[in-house]
Each structure stands twice: as C-alpha cells, then as structure tokens.
Amino acid sequence: MTTPKTKPIWRTFLTPGWVLAAVFALAFSWFAITWLSPWQLGKDHDIKERNEQIEKAFEGEAVDAEKLLASGDFDEWTRVTMSGRYLPDDELLLRLRPVEGAPAFQSLVPFQLDSGQTILVNRGWVPAAEGGTTVPPIDRAPAESVSLLGMIRLSDTTSMDPVDDQGYTMVQTVNTTQASSLTGTDMVAPYVQLLADQPGVLNPIPLPVLDRGNHLSYGLQWIAFGIMAPAGLAYFIYSEIRERRRYAAEQQEMAALTASRSTTAETPSAPDAAGAASTAGTASMPTSSPARARYGHSRSNPWATKPDDERF
C-alpha cells in the first residue's frame, strides 16, 4: 500500500477561518492592552489623586487666597479663605450641568479681592423649574464686603457659545477666560467653589464621594483579556496540531497492519482443509482499513471520510 503524501501542517492554518481568528485575537489584545486598560487605570489614578487632595484640604488650615494666587503654585481642591465683595451685576448662569441627577442652574459671580484681583465664584445651584428649562428666582449676591471659605477649582479648558435667555447670560462650561470676556472683568485662572454656610451661597455643590470605584479592577481585567486572547488562539492551534498528528499516526499504524495481513495472505500453502480455511480467511480479510473518526462515533466528521490526498 502506498503511503499517502502529506502536506506541511502549517498550511492547515492558511485557511480564511484561521487567518481571521488570528487577526481578531491580535487586534483585540492590542486594543485592550494599549487603550482600554490605560483608560481605566488613568481614571483610577485621577480619582485617587483627587481624593487625596480633598482629604489633605480638610486636614489642615485653609490658605489665604491672595497669597496662594501670588505664589502661582496651587492644587485643585485646596481650601482657601478670601475677603472682598461680589460683583452681582456680572452674574452668569451655568446651564445643562445637572446636580445630583436633577436639572439645575449654577450661579457664577465675579468676586473682587481686597488686593484688587478678581476671581470667579461658584455660589452653588438652584433646581430648574417647569421641566428643567426655566430659571427659578435666584437670590442676589450681597454687595457688601464679606469673607468667604471655598475650594480652588481649575477652569474648564473648553468653552461653548453663550446664550442670552430669561434675562441671564448662560454658559455651558466654567471657563474663566470666557467669563472674563463676557463680563469685561479680568479674572485669574482658577475659580472658587463655595462651601456651605457662606455669605451669598445657594445650595452648595456637593463634594465628590471619596470612593475609587471599579476602575482599577476594570483596568486589570482588560490586561487579562488582552493576554487571554492570543493565549486561547495558541491553545486551539496546539490542539489542532496534536489531533492531526494523532490521527496521522493511527492511519499509519492501520496501513502497516493491513500490509502485514496482505503479506501473510500471499504465502503459498498446501491445498487441504486448512488451506481452504486460509483462502476463505483471506477472502474475508479487508484490503484497507477505514478512517477512524477524529472525534469519536457520536459526531459526523466529513474530513475523516475524504481521500488521503485531500486530508493530508
């Protein structure tokens, strides 16, 4: 019996199915490790840093705002005290910025320090009326000199076109450069978010919950998924190679056994009863061995029934 000609195993994996599986696994791994994981880990880092700054702000004494601005070295969420007066005629409203999940308007009023510098103050929020689009009555900021306690917040880096509606100039971001242009008042870069029980405060903006959330675990999970994708592909490749080699070895053993029986059957013997039995036995002996299903008898395997030159 002629040994069937085999093709290299690596050619098995040049089919569209295997190629697409490899491309998908590698692309997913790259995307998970280089983009999704750093995205979640970066959010965890930012939240952790913010929480540390808030905790630090309440552990020590509040800093004088004028000295802090003069130094030019300040961190967000630093607790500051300042004295001066509001400029209530230059009030702006921050819209489309929900508070605690409810539609709200936030009051932004310039505050002139005793030093002459002007800083923007977020006085807090009021719930929107009539479906979240109507400005309710808002208490005017006091015009007399006051002392305030608040927290330094960094200005938004982007801005959108303002809207004049219901007697107010409304903005969608707290951008001090835009606020300076709208009010005609030169203001410093950061702004101050008032704490509770301060003169002119409305409903104070809630401080963030000091909770890191699940961003760290999500980041580690994306790294794990990025490793598992190519590892899974490698396992399936290994399993396919092992199965094909096992099947080829079994077929070679069957071919050798068939050849051995054929040689025994061709040996001449005496024409007696034993010879007749031998001839009968030879006639009943199969000339080739059927292909064994690679996955057992419970599943159909068309590949195993193909001719040898197609399977190898």
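General remarks:
- One residue from E76, E61, E55 being out of contact with any Ser or Thr (no Cβ under 7 Å at 6 or more places or on another chain), under 20 Å from V174 (Cα atoms), at pLDDT below 90 and acidic (D, E): E76
- Qualifying residue in the stretch 3-12 (condition: in contact (Cβ under 8 Å) with a residue 12 or more places away in the chain and aromatic (F, W, Y)): no
- Residue satisfying condition, being closer than 29 Å to Q221 by Cα and either in the same structural domain as T118 (by TED's automatic domain parsing) or touching a residue at least 24 places away in the same chain (Cβ under 8 Å) (or both), within set R79, R50, R85: R50
- Subset of the stretch 100-139 (residues that are among the aliphatic types (A, V, I, L, M) and part of a strand (DSSP E or B)): A102, A104, L108, V109, L113, I119, L120, V121, V126, A129
- Members of the stretch 144-161 found to be surrounded by 12 or more Cβ atoms within 10 Å (Cβ to Cβ) and touching a residue at least 60 places away in the same chain (Cβ under 8 Å), listed by number: S145, V146, L148, L149, G150, M151, I152, R153, L154
- Some residue of the stretch 157-173 being among the charged types (D, E, K, R), closer than 29 Å to D44 by Cα, modelled with pLDDT of 90 or more and within 40 Å of the chain's Cα centre (by Cα): no
- Cross-chain or 6+ apart pairs with Cβ under 7 Å, the stretch 120-143 first and in contact (Cβ under 8 Å) with a residue 24 or more places away in the chain, then surrounded by fewer than 13 Cβ atoms within 10 Å (Cβ to Cβ) and assigned to a strand (DSSP E or B): P127/A102; A128/T134
- Any hit, the stretch 84-94, residues being farther than 15 Å from A179 by Cβ and within 32 Å of the chain's Cα centre (by Cα): no
The values are calculated or read from the model by the stated rules, or taken from the named source; none is laboratory data. All of these numbers come straight from a predicted model, not from anything done at the bench. Glycine gets a Cβ as well: all are built from the backbone with ideal geometry, and neighbour counts include every protein chain shown.
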